[in-house]
Each structure stands twice: as structure tokens, then as C-alpha cells.
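Only one structure is covered here, and it is reproduced in the block below.
Here, each number is a calculation from the coordinates, and none is a lab measurement. Values in this document were obtained by computation on a predicted structure and should not be read as measured data. Cβ sites come from the backbone with ideal geometry, for glycine too, and all protein chains shown count toward neighbours.
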Amino acid sequence: MERRKRLIVGIDPGTTSAFAAFDLQGKFVTSWSRRDAGKEEIVAAIREAGDPLIIACDVAAPPGTVVKIAAAFNARLFSPEYDLREAEKKQMTSRWRFENIHELDAAAGALKALHACGNMLRKVERVAREKKLDARLDDLQALALSGVRIEEAAESLIDRKLEYELVEKTGGSRRLADENARKDTRIRELLLAIAELKKALEWQEAKAKELGQRVLLAEKGVLDRARRDAEIRKRDVEILRLRNLIFKVRDARRLELQARAKTREERERLDLDKLVDEHRSARKHL
């Protein structure tokens with residue numbers, strides 16, 4: 001079964017909505033634009049192209065539609081530190097031809113995101129070679145772009161089966177090997193949970209940033225002040241809740257890692273005791 005492409009997708013919403021998709025090597029995959037397209041239509045078109053790991057835009061405050069599409073794909077959200085200028089966008093996209101300015105703007109957002117994570121992707125490739133995970137490079141890239149630290153992502157992908165079988169053959173405990181395997185699974189789950197919380201926090205912060213833009217309009221009399229204040233409080237509460245969840249997951253993961261380290265020390269001590277016993281036994285038969 002052919003694996004679906006992992007993508008970085010730029011989106012330009014509006015009366016005419018557009019997206020442009022690139023793979024993780026920076027190769028152009030496809031672009032698309034439609035007038036009066038709803039979120040569901042955009043999501044369906046992107047899904048036909050592949051699986052987006054990052055949803056990007058070309059403005060500092062991501063529009064609500066972009067945030068919702070990132071959440072729909074459970075993807076990381078990227079926005080530049082400043083609104084990209086027209087000259088910069090044209091220079092970035094000069095290698096490709098697009099149907100309209102909307103697709104060009106979408107492509108600029110995606111390429112800006114690719115540039116921002118370029119160093120990380122190169123490090124991922126290096127770690128994959130060092131850890132002999134070349135066959136799992138796509139999975140390692142996906143975890144890293146989801147917010148998991150590269151070294152931790154690599155450790156979670158290493159197959160420990162042979163290691164645990166060796167423990168049994170050298171006299172180690174089957175129960176201990178099974179326990180280590182369960183801890184490995186739990187650590188992977190915690191890493192993914194942390195990544196999910198990071199993405200959720202990004203979405204909420206993006207919504208808060210968009211709300212900030214609406215607040216500026218509200219101060220000019222465009223929006224009702226009371227509704228604005230209520231929205232701000234609701235976003236602040238949600239952001240605080242997500243931050244607290246991240247801290248709880250990190251604490252749980254730290255405890256799991258400590259337990260795993262203690263278990264490894266016990267296993268090594270068992271192996272050492274076995275070697276000492278074998279040495280004493282050999283000396284008795286001399």
C-alpha cells in the first residue's frame with residue numbers, strides 16, 4: 001500500500017480560497033483555488049493531495065479558517081512573525097507558476113514554514129542515519145514536526161524487541177522485559193500527548209491573536225465591547241487550561257522516565273550478579 005504524502009500546506013482564505021502543498025523536501029505537489037469555497041471543501045481538496053503536518057499562512061495573525069483547518073487535520077499551525085510583503089512572496093515563489101495571486105500567497109506561506117523548519121528537518125535526517133532509522137525517516141519527521149523532541153522521537157521508534165529477547169537469553173527476567181516494553185509504549189503515548197497539547201495550545205494562541213485583531217476593530221466601534229471582553233476572557237481561560245495540562249503531562253512523563261531508568265539499573269545489576277555467580281562456580285570446578 002502506497003504511503004500518503006506528508007505535506008506542508010499554505011492556505012489563503014477569502015472570497016477566493018486557495019492552498020499550495022509542498023512535500024518535506026520542498027518539492028511542489030499541487031495548488032488549488034475556488035471561489036466561495038467553504039472549510040469542508042478546502043479540507044477535502046487538501047486531503048486528496050496528502051496528509052498535512054503543517055498548515056501555514058502568509059500573515060502574522062492566522063485567519064480563523066486557517067486555524068480551523070489546522071485543527072481538522074490535527075496539524076501544526078505556522079504563521080510568520082510579520083505579514084509577508086508582496087515583493088518577498090513573489091521572490092520566494094518565482095520558480096513556479098500559479099493560476100492566481102491567491103495560490104501564490106498560499107505557496108509563500110508554505111515555503112516560509114519550510115524555511116523555518118529546514119534546520120530541524122536536516123537534523124532529523126542526521127539522527128535517522130545515526131540511529132539506523134532510515135526506514136522510519138517519514139515517521140521521525142512527522143513526530144518532530146508534531147512537536148516531539150527529535151532525540152525522544154528517535155528513541156520511541158527504535159525496535160526494542162531484540163534487546164528484550166537478549167535479556168531473557170542471558171538469564172534476565174521475562175517479567176522485567178515485559179515491564180520495560182510496557183514502559184516504552186507508555187513513554188511513546190506521553191510524547192504524543194505532549195505534542196497534541198502543544199498543537200492545541202498553538203491553535204488557541206492563534207485564535208487569541210486573531211481575536212486581538214478583532215479587538216482593534218472593536219476599539220474603533222466595529223464590534224461590541226462587552227462581547228469582545230467576554231471572548232478574551234474565554235480564550236485566556238482556555239490557554240491557561242492547556243498550559244496546565246502540558247505541565248501535568250510533562251510531570252507524568254518525567255516520572256515514567258525515572259521509573260524506566262530504575263528498571264534498567266535493576267536489570268544490569270541482575271546481569272552482574274549472574275556473571276559473578278558463574279565466575280565463582282567456574283573457580284570451584286578448577
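Before moving on, here are some points about what is shown:
- Ranked ILE42, ILE150, ILE158, criterion: other C-beta atoms within 10 Å, fewest first: ILE158, ILE150, ILE42
- Candidates per GluC sites (Glu not before Pro) in the range 1-107, loop by DSSP, up to 14 other Cβ within 10 Å: GLU2, GLU81, GLU99
- Taking the alpha carbon gyration tensor of the range 6-116, multiplying each eigenvalue by 5 and rooting it gives semi-axes of 18, 15, 14 Å, largest first.
- Extension gain for the segment LEU257 to ALA60, taken as residue separation times 0.36 nm less the Cα-Cα distance, is 67.2 nm to one decimal.
- Averaged over residues, the count of other Cβ atoms within 10 Å places the peptides 6-14, 104-112 in the sequence 104-112, 6-14, highest first.
- Environment charge at GLU103 (Cβ cut-off 10 Å; Lys +1, Arg +1, Asp -1, Glu -1): -2
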